[in-house]
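What follows is one structure encoded as structure tokens, with my remarks underneath.
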Amino acid sequence: MPRRRKGVLLPIEETILELGLRRMRDGDPEFYGFAVTTELGDDDRRLTAHGTLYKVLERLEVQGLLVSRWEGDEEFDEPRPRRRLYHVSDQAEGALRTSRALQQSAVMRPGLATR
């Protein structure tokens with residue numbers, strides 16, 4: 001697998017950050033893993049491998065672009081396990097802009113930069 005340029009996000013990472021930023025603007029900033037797959041829809045084939053989504057969520061959190069917490073007992077009354085809730089960090093929007101700018105510069109100067 002080729003190495004990524006520093007600052008360039010994978011398409012699925014960009015999509016998750018876009019989703020989180022949209023949710024933040026809509027006043028409902030927290031989301032959990034299965035909700036991501038639901039919002040992305042059945043046509044999104046990037047999440048087919050076992051654990052792919054959760055690996056991406058963890059990677060974004062390690063990069064400081066997502067923040068997570070475990071759902072508290074008082075937040076649900078269903079007999080199910082607690083969910084890990086995510087929201088975008090203050091750095092997410094800037095990282096998304098940077099990634100897109102770097103990708104655009106690679107398109108404008110083909111052969112000089114690779115993804």
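Things to note:
- Here K55 clears all of (1) more than 19 Å from L96 (Cα to Cα); (2) basic (K, R); (3) at pLDDT below 95 except the condition numbered (1).
For (1) of a type in the set (D, E, K, R); (2) under 21 Å from S99 (Cα atoms); (3) without any contact (Cβ under 8 Å) to a residue 40 or more places away in the chain, each residue gets a yes or a no:
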residue	(1), (2), (3)
E61	yes, yes, yes
S68	no, no, yes
E71	yes, no, yes
E75	yes, no, yes
R82	yes, no, yes
H87	no, yes, no
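- A single member of E39, E75, E71 is over 16 Å from I12 (Cα atoms) and at pLDDT below 90, and it is E75.
The values are calculated or read from the model by the stated rules, or taken from the named source; none is laboratory data. This is a predicted model, so every value here is computed, not measured. Positions of Cβ are backbone-derived with ideal geometry, glycine not excepted, and every protein chain shown enters the neighbour counts.
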